[in-house]
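Peer 1: Quick one: structure below, then a few questions.
What follows is calculated from the coordinates using simple rules that are stated; it is not laboratory data. Quick caveat, the model's predicted, so the values are computed rather than measured. Reconstructed Cβ throughout: ideal geometry from the backbone, glycine too, with neighbour counts over all protein chains shown.
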Amino acid sequence: MTQEKKHFSSRLALVFSFFLLQSQVMSAHAATTLTNAADVLALPAKEASSGIPVLVNGVVTAAETNWNGKFFMQDASGGVYVDNRTKTQPRPGDVVEVSGISHPGGYAPVITKPHLKKLGTAPLPEAKPITIDRLMSGAEDSQRVEISGIVHSAQLSGTRLGIELVSGGYRVRAFAPIPAEAVRQSLVGAKVRLRGTAAAAANADLRHFVTVTLFIPQTADIIIDEAAPTNPFDDPIMSLNGIAQFRKDRSPDNQVHVKGVVTYQRKGEDIFLHDESGGLQVKTKLAWAVAPGDAVEAVGFPAVENYLPVLEDAVFRKTTDPRVAPQPTNVMVGELQDGKHHADLITLQGRLIDRLIRGAGQSTNNDGIQTILVLQTTNSVFVAEKNSSEENNFLTSIPIGSLVEVSGICLLESGDNGKIKSFRLLLPTSHDIRIVKKPGWLTPQHLLVSLAIVFAVMLVAISWTVMVSKKNLMLKSLVREKVAAQDELQQAHDQLEERVKERTAQLKVEMTARKESELQFRAVLTERTRLAQELHDTLEQTLTGIALQLDLVANQFEKKPDSATHHLKLARNLMRQSQVDLHRSVWGLRSRAEEHFNLGNALLTSGQQLTDQSGMRIEVETSGAADSLSEIAEENLLRIGQEAITNAVKHSGAQTVKIQLELNPKRVTLQIKDDGKGFVPETCAGPKDGHFGLLGIRERTERLGGQVWIASQPGTGTSIRVEIPIHLPNGDQSLPSPAEVS
Amino acid sequence: MKKDFNIRILVADDHYVVRMGVIAIINNEPDMEVVAEATNGVQAIELFHRHKPDLVLLDSRMPLKGGVQAAKEIRRQSDSARILMLTAFDGDEDIHKALDAGAQGYVLKSSTGEQLVPALRAVAAGENWIPKEVAARLAKRKEFEPLTPRELEVLHELAKGLANKQIADVMNISQHTAKGYLKTILTKLHVADRTEAVTVAIQRGLIHI
């Protein structure tokens, strides 16, 4: 009631202020003065807005103390609203003369800018009895009327009594002065007549009627025709389910008495009760708190709201019954669809498919936050609402997709055929919701995330594939390149091999040439060495000897002619020797040029040459290998052999000369033996006598570090044996070391 | 027949004809006499100790021990010993070695006629006998950078007619190193090839055949 009045007042204020605005614009207008209220009301809005002068006389029918001077007045023709701003607040019953101008007002035309003149007082004019539906049509705006109906509620509202009058399905609000307590107590449930001025509330912009409030100016205007029945709390208790059931004496005007356990309270709005028969919404403006489980009695007017039973305008009180915690009933959705369990505390399971959170501004009934869970059962969708002063963490934390069990007051919504269109649950507390099962993995969010992941994976996979194929392409081209490179390499290799072959062949030729040159070098060197040594050992010494002899000859030529002759003879012999030596050296030079020099063969050849003319026989016997013999040794042995043969040819007169050459790794033995006449070595002509043959043999042998034995006796032939050690296995005898020389 | 104030001479030469000629020449001089004759270096040293001659005439090249080596040993044992080298070798190295060994005179066999007796007399008198052709030879030596012992070794192997590889094998060095030595030797001897190198080395007396 309070709420509705507030609403009304604000609406009225809006209307009034609008009047004011308009009137200022129209003030200059002049026309025929209207002299009764009905004429003013009869003005079409357009004309009324032109500010037609009004001068009326009438009785004030309604002037609430908080209206700041504004009032309703009525003359014989009818009532009209006066937008009085003079602060002179007339009282109902005052007779006033009002002069002002017309104004279209918010709904019905009004008088504005009035000049008031109180003429006196008078009884209020007769109220016109009208039906409540006529009143509620808005047609009787500003008129003093009388309506009748059942008082459903009579509550104090400031200095006034707010009355809710119900009749013919209408509910009219009326404000009256506070009557006597007894009267007031007897009002609820009584059949009354109310007289007052109908004040329409309107949507001023549209000039649309909204509702009518009745302002009762005096307590006498409340007439009780039929008193209320006895205290309804004394009536027998009716089951909650029973109030909408048929009763023979059932009347909408009669209150019923019910009792039940509180399941939920919306303070100042309603409480929900439960008994064995079911649940009931009990609308009440009583705001005192009851707790769920409290047992209460209530009386109220049974009504049907949206095709469902409700107890209206109820009052309730606690009983002495012990408190019993309400147990929600487990129900099937099908039962609800059959219309059962309306306003009862039930438990339902559903899957949470959405959640809405509404701020305080959006909630019409409650401060704070309304959390709305949208739940799905097998074949329907319902919501569960929870009002709380602040955001409920638990409710907001329930994952979407969870299977939850909710317990709350079931509110069905029925069609006119009684078919249940939908239902919702009011959650008394947040404990009334329980998560049965967390959402399966496949919640929409998860689905999105999974899709995102799958997409990402696919993206990665695709990029990877692309990358791999690119890499493959690259690898392929690399392999191709490599193969090509390999082919090239192979070609290069083949070429190289060919070149190597060519080069090898070339080198072979070169090496052969080099080898030949080396051989040549060696041959040249060897020959040079041999010749140098030979000349040094023979010719050079002999020539030195000759020179020395000739020096002597030169010195002694005059003083000692005999001695000089002797030396001259020696010199001559030496020269002859030199000739032989030279010849042999040159011969040796030639023989050396042959590649395969063989000492045995050389001895035989030169022996045959030497004995050629003498008829002497030469025999050469060789044993052992001559490989290790140095060239110098060979040379000297050859010379020794030649010398010995020469001696034999010259002096022995032998038939045969036997030459034995014995070679072994350590020494070489050369023996020249003849079968000639022999000689006595001691008396034999020597070098002093100009015979140098044996001397040469001795000297050569000595130079080779060897020994010589000469055995001869007259008649037995001569034997010359030469033994030469082979010092150095590498044949180094030809070139003595520097130490040996120096 | 003994002569007073004789120059007592030891003659060492392995060639009889030379020895015979030299002895005849010496004995022909009134103030000289041959006190002993040797046919090799070892014998020469032995006879020097036995006869203490005033002068030793040494052939530079003899069997068993050469004249240079014998001169060195004789000089080591008797620093007053007078030694005259009589040799067929006119290489600067031969001359250098002989003088280095302590010989005071050097006579080439090719110039015995005019030089032998004056040389004997001069050396016996405590003078040096370096004829001008010998001095010229010696001077020439300065033109050449001396060979290291290792290079001489290579030169010896080379003179045997060995190739680089054989030289390397004999000397236990790498073929590359042997080649290097050869190159140095050619440079030092102022020659173009190995044959020439051996020839020059023999002529100069760096090596002997």
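Peer 1: What is the Cα radius of gyration of the stretch B:129-177 over 2.2 N^0.38 Å, N being its residue count?
Peer 2: 1.63
Peer 1: Return the tail of the calculated pair distribution for the stretch A:441-595, meaning the percent of Cα-Cα pairs more than 25 Å apart.
Peer 2: Of all Cα-Cα distances in the stretch A:441-595, 72 percent exceed 25 Å.
Peer 1: Now a separate question. Taking a cut-off of 27 Å between Cα atoms, list the lysines near A:Lys285, but don't count ones fewer than 8 places away on the same chain.
Peer 2: A:Lys5, A:Lys6, A:Lys191, A:Lys259, A:Lys267, A:Lys318, A:Lys340, A:Lys386
Peer 1: Can you pull the percent of Cα pairs in the stretch A:2-226 with separation above 21 Å?
Peer 2: 52
Peer 1: Could you tell me how many degrees, from 0 to 90 and to the nearest 10, lie between the Cα long axis of helix A:541-556 and the main elongation axis, the longest principal axis, of the Cα atoms of chain A?
Peer 2: 40
Peer 1: Using +1 at the Cβ of each Lys and Arg and -1 at the Cβ of each Asp and Glu in the protein assembly as shown, identify which of A:Gly686, A:His446, A:His341 lies farthest towards the dipole's positive end.
Peer 2: Looking along the dipole axis, the top candidate is A:His341.
Peer 1: Still on this structure, please answer the following. Can you tell me the dipole magnitude for the stretch A:434-554 around its Cα centre, using point charges on the Cβ only (Lys, Arg +1; Asp, Glu -1), in Debye to the nearest 20?
Peer 2: That gives the stretch A:434-554 a dipole magnitude of about 2300 debye.
Peer 1: Kirkwood hydrodynamic radius for the protein assembly as shown: how many Å is it when counted over pairs of different Cα atoms?
Peer 2: Across the protein assembly as shown, the inverse of the average 1/r is 43.8 Å.
Peer 1: Sequence gap at least 6, Cα distance under 8 Å: using those rules, report the relative contact order of chain A to the nearest whole percent.
Peer 2: Relative CO of chain A lands at 5 percent.
Peer 1: Among the chymotrypsin sites (Phe, Trp or Tyr not before Pro) within the stretch B:2-98, which fall in a DSSP loop and have no more than 15 other Cβ atoms within 10 Å of their own Cβ?
Peer 2: B:Phe5
Peer 1: Another one. Give the Rg/Rh ratio for the stretch A:597-741, taking Rg as the radius of gyration of the Cα atoms and Rh as the Kirkwood radius, to two decimals.
Peer 2: Numbers: Rg = 15.2 Å, Rh = 15.5 Å.
Ratio of gyration radius to Kirkwood radius for the stretch A:597-741: 0.98.
Peer 1: Something else now. Considering every pair of different Cα atoms, what Kirkwood radius, in Å, is found for the stretch A:329-440?
Peer 2: Working: mean 1/r = 0.0707 Å⁻¹.
It works out to 14.1 Å.
Peer 1: Students often forget the sequence filter, so: which lysines lie under 20 Å Cα-Cα from B:Lys132 once same-chain residues fewer than 8 apart are removed?
Peer 2: Output for B:Lys132: B:Lys97, B:Lys109, B:Lys140, B:Lys142.
Peer 1: Just tell me which lysines come within less than 21 Å, Cα to Cα, of A:Lys501; anything on the same chain fewer than 8 places away is out.
Peer 2: A:Lys515
Peer 1: Just going by the charge dipole of chain A, with Lys and Arg at +1 and Asp and Glu at -1 on Cβ, which of A:Thr529, A:Ser719, A:Thr622 is farthest out on the positive end?
Peer 2: My answer, from the dipole projection, is A:Thr529.
Peer 1: Let me ask another. Work through the residues other than A:Ile147 whose Cβ is under 13 Å from its Cβ and net out their charges, Lys, Arg +1 and Asp, Glu -1.
Peer 2: Net charge in that neighbourhood comes out at +2.
Peer 1: Report, to the nearest 10°, how far helix A:599-610 tilts away from the longest principal axis of the Cα atoms in chain A, using its own Cα long axis and a range of 0 to 90°.
Peer 2: 30
Peer 1: Under 8 Å for C-alpha pairs, at least 6 residues apart: give me the relative contact order for the stretch A:597-741, rounded to a whole percent.
Peer 2: Value for the stretch A:597-741: 25 percent.
Peer 1: So what are the radius of gyration and Dmax for the Cα set of the stretch A:232-318, in Å?
Peer 2: Using the Cα atoms of the stretch A:232-318, the pair Rg, Dmax is 11.6, 35 Å.
Peer 1: As I understand it, the dipole of the stretch A:441-595 uses +1 on the Cβ of Lys and Arg and -1 on the Cβ of Asp and Glu, about the Cα centre. Which of A:Ser585, A:Ser517, A:Val479 lies farthest toward its positive end?
Peer 2: A:Val479
Peer 1: Please report the spacing between the Cα centers of the stretch A:90-122 and the stretch B:108-179 in Å, no decimals.
Peer 2: Cα centroid to Cα centroid, the span is 167 Å.
Peer 1: If you don't mind, there's one more thing I want to ask. When a footprinting reagent is the concern and you count Cβ atoms within 10 Å, what order do B:His156, A:His257 take, fewest first?
Peer 2: Working: B:His156 23, A:His257 17.
Fewest to most other Cβ atoms nearby, the residues stand as A:His257, B:His156.
Peer 1: A further question follows. Relative to the Cα centre, what is the charge dipole magnitude of the protein assembly as shown, using +1 at the beta carbon of each Lys and Arg, -1 at the beta carbon of each Asp and Glu, and rounding to the nearest 20 debye?
Peer 2: For the protein assembly as shown, the charge dipole is close to 1300 debye.
Peer 1: Enter the mean projected area of the convex hull around the alpha-carbon atoms of the stretch B:1-73, in nm², rounded to one decimal.
Peer 2: On the way: hull surface 17.8 nm².
So the Cα hull casts an average projection of 4.5 nm².
Peer 1: Once every DSSP H run of n ≥ 4 in chain A is given -39500 (n - 2.57) and the sum is divided by its residues, what mean residue ellipticity at 222 nm do you get, rounded to the nearest 500 deg cm²/dmol?
Peer 2: After summing the helix terms and dividing by residue count, I get -11000 deg cm²/dmol.
Peer 1: Lysine pairs in the stretch A:633-708 with alpha-carbon atoms under 20 Å apart, 8 or more places apart or on different chains: how many are there?
Peer 2: 6
Peer 1: Counting other Cβ atoms within 10 Å, which GluC sites (Glu not before Pro) in the stretch A:57-145 have at most 12 and lie in a DSSP loop?
Peer 2: A:Glu126
Peer 1: Could you pull the Cα extents of the stretch B:7-140 along its three principal axes, largest to smallest, in whole Å?
Peer 2: For the stretch B:7-140, the Cα extents along the three principal axes come out at 38, 29, 27 Å.
Peer 1: Taking only C-alpha pairs under 8 Å that are 6+ residues apart, what is the relative contact order of the stretch B:29-148 in percent?
Peer 2: Computed value for the stretch B:29-148: 21 percent relative contact order.
Peer 1: Using the count of nearby Cβ atoms within 10 Å as a rough guide to exposure, how do A:Val457, A:Val256 rank from fewest to most?
Peer 2: Ranked by crowding around the Cβ, least crowded first: A:Val457, A:Val256.
Peer 1: Okay, moving on. Take every DSSP beta bridge whose two residues both sit in the protein assembly as shown, then give the antiparallel share in percent to the nearest 5. All intermediate terms of the calculation are to be shown ahead of the outcome.
Peer 2: On the way: 136 of 179 bridges.
If I count the DSSP bridges inside the protein assembly as shown, around 75 percent turn out antiparallel.
Peer 1: Now for a separate question. If you filter the stretch A:255-319 for chymotrypsin sites (Phe, Trp or Tyr not before Pro), then keep DSSP loop positions with at most 14 other Cβ within 10 Å, what is left?
Peer 2: In loop regions of the stretch A:255-319 (DSSP not H, G, I, E or B), the sparsely surrounded chymotrypsin sites (Phe, Trp or Tyr not before Pro) are A:Trp288.
Peer 1: Another question about this same structure. Quick check on chain B: helices-only [θ] at 222 nm, where DSSP H runs of length 4 and up contribute -39,500 (n - 2.57) each and the sum goes over total residues. Nearest 500, please. Show your work: numbers first, answer last.
Peer 2: Numbers: 10 runs with 111 residues, N = 209.
Mean residue ellipticity at 222 nm (helix-derived): -16000 deg cm²/dmol.
Peer 1: Mind pulling the angle between the C-alpha long axis of helix A:2-26 and the longest principal axis of chain A? Nearest 10 degrees, somewhere in 0 to 90.
Peer 2: Long axis of A:2-26 versus the principal axis of chain A: about 80 degrees.
Peer 1: To continue, here is another question. Which value, in debye to the nearest 20, gives the size of the charge dipole of the stretch A:2-226 about its Cα centre, when Lys and Arg are +1 and Asp and Glu are -1 at the Cβ?
Peer 2: Charge dipole of the stretch A:2-226: 480 debye, to the nearest 20.
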